[in-house]
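Heads up, the thing below is written out as structure tokens.
The values are calculated or read from the model by the stated rules, or taken from the named source; none is laboratory data. This one's a predicted model, so the numbers in the text were calculated from it and none came from an experiment. With ideal geometry, Cβ positions are generated from the backbone for all residues, glycine too; neighbour counts draw on all protein chains shown.
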Ligand SMILES: [Zn+2]
């Protein structure tokens, strides 16, 4: 199989480099990462946020996710 060398950064495309879904900066070696995963039943807009982030970049999304999950539970 041919290794295609394309530049990363397409929407939803995980390039060869491991980059933060928030700021798009490539993670440093052994840098802490935060994974965000919305359920497949969640809003497609939210699922676009799925990915790995720097802990700082993930913070606003995690707090939003927590509120969203709580809302879901109270309606489910
Ligand atoms: Zn980041």
Qualifying residue in the stretch 24-34 (condition: modelled with pLDDT under 90 and under 14 Å from the mean Cα position of the chain (by Cα)): no
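Yes/no per residue for (1) modelled with pLDDT of 95 or more; (2) touching a helix residue (DSSP H, G or I) at 6+ places or on another chain (Cβ under 6 Å); (3) within 11 Å of the ligand (Cβ to nearest atom):
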site	(1), (2), (3)
11	no, no, no
20	yes, yes, yes
40	no, no, no
48	yes, no, no
